[in-house]
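Notes follow once the structure below has been shown.
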Amino acid sequence: MFQYKFIRVDINFWTGKPTLDYRQIIKDHADQGWRLVQLFAPMKSGQMTHRYYEIILEKPLEEDPPPYDYKNDIV
């Protein structure tokens, strides 16, 4: 089992550059045991630019959680 972390890095409207150093974020988290799953960059509707980056990281859980009981889900 894994735990996941999602970090949003906005893109500056005027410069088109990320507001945070996404490379450094990934390196810092790797030092803490996180692994990069994906760097997702959705397009702006009707434009050929990105609005933000979504950094998706995963890390093994320290111990497995109890199995999920789907019978108690509220639909």
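The values are calculated or read from the model by the stated rules, or taken from the named source; none is laboratory data. Computed from a predicted model, the values in this text were never measured in an experiment. Every residue, glycine as well, gets a Cβ built from its backbone with ideal geometry; the counts of neighbours run over all protein chains shown.
Some observations on this one:
- Residue check, residue 17 without any contact (Cβ under 8 Å) to a residue 60 or more places away in the chain, over 23 Å from residue 3 (Cα atoms) and loosely packed, with under 13 Cβ neighbours inside 10 Å: yes
- Test: residue 37 is loosely packed, with under 15 Cβ neighbours inside 10 Å and not hydroxyl-bearing (Ser, Thr, Tyr): yes
- Checking residue 12 against (1) in contact (Cβ under 8 Å) with a residue 60 or more places away in the chain; (2) more than 30 Å from residue 68 (Cβ to Cβ), the condition it does not meet: (1)
A quick yes/no check of all residues on (1) touching a helix residue (DSSP H, G or I) at 6+ places or on another chain (Cβ under 7 Å); (2) aliphatic (A, V, I, L, M); (3) modelled with pLDDT under 95:
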position: 37; (1), (2), (3): no, yes, no
position: 41; (1), (2), (3): no, yes, yes
position: 49; (1), (2), (3): no, no, yes
position: 63; (1), (2), (3): no, no, yes
position: 73; (1), (2), (3): no, no, yes
